[in-house]
Amino acid sequence: MFFILALVVIPLAAGFIANFFVGKGHGFEPWELFVAGIIGSFVGGLILNLLTGDGLEITVTGLIGSTIGAIVVLAVWGWLRSKGYLRRA
């Protein structure tokens, strides 16, 4: 039960934290923050957990990696949107 809840809450929190750092003024929708959080959590959290040897467990390094991954994904998303490659929803 905790694992399923963590799979929803951690990406959502990572997306909103990434919006705090990167997305001010870009007008991201909440679903975009959730998607950026999911992608960032998968990429950043997985890479950082595998580099530190934690595997697929939910750890602090995974949470930090999820947030960093979401920041990178949201920055790229905002850049692509500003260049006209992505339309606003």
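The values are calculated or read from the model by the stated rules, or taken from the named source; none is laboratory data. What you are looking at is a predicted structure, and each value in this text was computed from that prediction instead of being measured. Heads up, the Cβs are rebuilt from the backbone with ideal geometry, glycines too, and the neighbour counts pull from every protein chain shown. The area values use the complete protein model at the heavy-atom level, side chains included, leaving out ligands, DNA and RNA. Shrake-Rupley method; radii C 1.70, N 1.55, O 1.52, S 1.80 Å.
In the set Asn19, Asn49, only one residue is among the polar types (S, T, N, Q), touching a helix residue (DSSP H, G or I) at 6+ places or on another chain (Cβ under 7 Å) and modelled with pLDDT of 85 or more; that residue is Asn19.
Has region 55-65 got any residue that is touching a residue at least 12 places away in the same chain (Cβ under 8 Å), assigned to a loop (DSSP other than H, G, I, E, B) and of a type in the set (Val, Ile, Thr)? Yes, region 55-65 has at least one match.
Kindly indicate the residue of region 1-19 that is open to solvent by 80 Å² or more (accessible area, probe 1.4 Å) and part of a helix (DSSP H, G or I) and also farthest from Val76 (Cα to Cα) among those meeting that condition. Here the answer is Phe2. All of (1) among the hydroxyl-bearing types (Ser, Thr, Tyr); (2) open to solvent by 20 Å² or more (accessible area, probe 1.4 Å); (3) touching a Phe, Trp or Tyr at 6+ places or on another chain (Cβ under 9 Å) hold for Thr61 with one exception: (3).
Just one of (1) under 17 Å from Trp79 (Cα atoms); (2) in a helix (DSSP H, G or I); (3) aromatic (Phe, Trp, Tyr) fails for Phe34. It is (1). Taken together, the criteria exclude Val22 from residues that are open to solvent by 50 Å² or more (accessible area, probe 1.4 Å) and out of contact with any Gly (no Cβ under 6 Å at 6 or more places or on another chain).
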